Every structure is written in structure tokens, then in C-alpha cells.
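First comes the structure, then the notes that go with it.
The values are calculated or read from the model by the stated rules, or taken from the named source; none is laboratory data. Note that the coordinates shown come from a computational prediction; the quantities given were computed from them, not determined experimentally. Cβ coordinates were reconstructed from backbone atoms using ideal geometry, including for glycine residues, and neighbour counts include every protein chain displayed.
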Amino acid sequence: MKPREIKSLCSIVAVFIFAAMLSLAVSDESRAESPAAPAEYRAHFLEMCDLSIAEMEKPLAPFFERYRKTEDPKTHHYPFFMDSYAIRPLCVAYDMTGQRKYLDACVRWADMMLSFQQRMTPKGAYHMNYGKYRQPDQDRGQWFVADCGSIAAAVLAVSARTDDQSRRKRYLDSIKMFSRMVIDNYASDGGGVTDGLWSYKAYLMYLLAGCSERYSGLTSEADRELQYVDELLFRDGKPRETDLEVWGMMTFGMMSYAEKISPGGHKRARLAR
């Protein structure tokens, strides 16, 4: 196997990993208890959700490495896997508040992912929004299972919230097409790996603690880490989402905020049919 093919195997379908995690759900009685989230966390979480919506409504531009050192506040130029970490918490924000603006933003993004997917090679792949890698209508260039697995997990989360049955079917068909392509071409005999679900460790610790009492001790460390993230993001008033590193911390951190404020909120993705 070529090195590039081995690299492609660095992640199997994130949606399958996501579904496997969700299958560990247990009864409310066995859920590990964690201190209530500080009151400001909810306000900070929703503020970041609003900032995310505004950021993703900007004209789209492909991501290039120069954006690690420069900012362009007029365009949205981040990889789509980073956006996916904002979309899933936006789904939880919709669950928490019932405000359509959160779901509408998710639907717009998911529709865009499907539109790009129709033009991608291999069939079933998602577009990643890297300027130097494979683009829609191209059959050459690098393409990564891990990035696209994160996109698929976000599309799955949106599918569970939409009440438009035809749209839900399109979303699920999209995920199935991606999953089939990965299983048939990129899954190794040794099984899957986990780097298609990058997120802050706090999110993973909350998830594990919610699945089994044996992990209940992780919540205090997760709380401490989330406190550090909160202080870093809001020390100057609000996050500067036009900075790549801040956007990365904010979107990844939103996963942890969502699980802390609304335990089990991410698990709604398993309700999709």
C-alpha cells in the first residue's frame, strides 16, 4: 500500500465512530453527576453560536496556509471540518432554545455540503474547502477521510432536527453514500481509528462520564479545562472569530460547552431515521 493510501486510512468514517459512542447511552440513574455549569457558560455558549452563524454567512473562500498568520474579516475561509464542530453545537442550541435561527444556519450549511458532494470525485466524498487540495469537478489532488467524516457527523446531527422529511432523506442518503465509499475503499482489515472526531478533551470526558459511572472522576478535570477555555476566549470581551486559531478553539470548545450545559444533547443525532 502506498504511503498516501496509508495516510488516507488514518481515519474511518467518523459518523460510525459517532454512532458507536452514542450507542453507549445509559439510563438517567447511572449518569455520572457533575456540578451545574456556571451561569455565564450558557450566555457564552449562545454568544459563540451567534458569532458562528455570522461568520459562516460571509462569502465563502478556500482555506490557504497564509490564513494562519493573516486575517480576512470579509470572507469565511476555514476548512469545513472546523465548521462541522460549530454546526453540531448549533443543533444543541436549537434544542435548548427552540430558536429557528440556529437550525436554519445548520440547514444552509448541510445543503451546501450536499451541493458540493454532488460534484466530488470519488463519488460520495465531501468537499473540504482546502485551496491546495482536491476541489469539486477535479479527479486529482489529496482528499482526507478524517475531515469528511467530521462533515458527515454534522450532517447527521442536522438530519435529526429537520422536520422536512424529504430533506432528512437527502441528508441520510448523503451520509450513506459517503459511508459506503469509505467502507468499500478506505477501511482496513485492522478496524477503524478515531482521528475523524477531533475535539477538546473536555467534550470526550463529559461524553464518557455520561456513559458510565466508572468515568465519573473525569468531570472535574473536564470542568477545569473548560474553565480555562472560557477564560481564554472571553478575556478580551468576546472571541475574535476572524482569527484562525480563535475560530478553531471556539468551534472545538463549543462541543464541550454544549455537553456541559445540555448533557446528552449531541446524542440526538441517533434519533435520525
- Filtered residues of segment 212-237 (kept if surrounded by 15 or more Cβ atoms within 10 Å (Cβ to Cβ), more than 20 Å from the chain's Cα centre (by Cα) and not acidic (Asp, Glu)): Tyr215, Ser216, Leu218, Thr219, Phe234
- Message: Which residue is modelled with the lowest pLDDT, if the candidates are limited to segment 178-205 and must be assigned to a helix (DSSP H, G or I) and under 18 Å from Phe81 (Cα atoms)?
- Response: Lys201
- Test: Arg119 is closer than 23 Å to Ser174 by Cα and modelled with pLDDT of 95 or more: yes
- Item | Looking only at segment 115-125, and only at residues there that are under 20 Å from the mean Cα position of the chain (by Cα) and either in contact (Cβ under 8 Å) with a residue 40 or more places away in the chain or in a loop (DSSP other than H, G, I, E, B) (or both), the one that is surrounded by the most Cβ atoms within 10 Å (Cβ to Cβ) | Ala125
- Quickly run through segment 52-75 and pick out the residues that are within 30 Å of Ala222 (Cβ to Cβ) and touching a Lys or Arg at 6+ places or on another chain (Cβ under 7 Å). Ile53
- Test: Met112 is closer than 23 Å to Met254 by Cα, part of a loop (DSSP other than H, G, I, E, B) and not hydroxyl-bearing (Ser, Thr, Tyr): no
- Residues of segment 49-75 satisfying the condition of being in a helix (DSSP H, G or I) and closer than 18 Å to Val107 by Cα: Cys49, Asp50, Leu51, Ser52, Ile53, Ala54, Glu55, Met56
- Task: Would you check which residues across segment 225-245 are farther than 20 Å from Ala93 by Cα and either outside any helix (DSSP H, G or I) or of a type in the set (Val, Ile, Thr) (or both) and list them?
- Result: Arg235, Asp236, Gly237, Arg240, Thr242, Asp243
- Count, please, the residues in segment 52-76 that happen to be loosely packed, with under 13 Cβ neighbours inside 10 Å, modelled with pLDDT of 85 or more and not basic (Lys, Arg). 5
- Message: Of everything in segment 147-163, what is touching a residue at least 40 places away in the same chain (Cβ under 8 Å) and not in a helix (DSSP H, G or I)? Give them in sequence order.
- Response: Thr162
- Query: From the list Lys132, Lys101, which one is more than 20 Å from Phe63 (Cα to Cα), in contact with a helix residue (DSSP H, G or I) (Cβ under 9 Å, 6 or more places away or on another chain), in contact (Cβ under 8 Å) with a residue 12 or more places away in the chain and basic (Lys, Arg)?
  - Reply: Lys101
- Sort out which residues of segment 126-145 are among the hydroxyl-bearing types (Ser, Thr, Tyr) and either farther than 21 Å from Cys91 by Cβ or not in a loop (DSSP other than H, G, I, E, B) (or both), and write them in order of number. Tyr130, Tyr133
- Task: Answer yes or no: is there a residue in segment 126-145 that is crowded, with 24+ Cβ neighbours inside 10 Å, over 21 Å from Arg168 (Cβ atoms) and modelled with pLDDT under 90.
- Result: yes
- So Glu33 clears everything in (1) of a type in the set (Asp, Glu); (2) part of a loop (DSSP other than H, G, I, E, B); (3) modelled with pLDDT of 95 or more except one condition, right? Which one? (3)
- Query: Taking Lys132 and the conditions (1) within 21 Å of His76 (Cβ to Cβ); (2) out of contact with any Gly (no Cβ under 9 Å at 6 or more places or on another chain), which numbered condition does it fall short on, given that it satisfies the others?
  - Reply: (2)
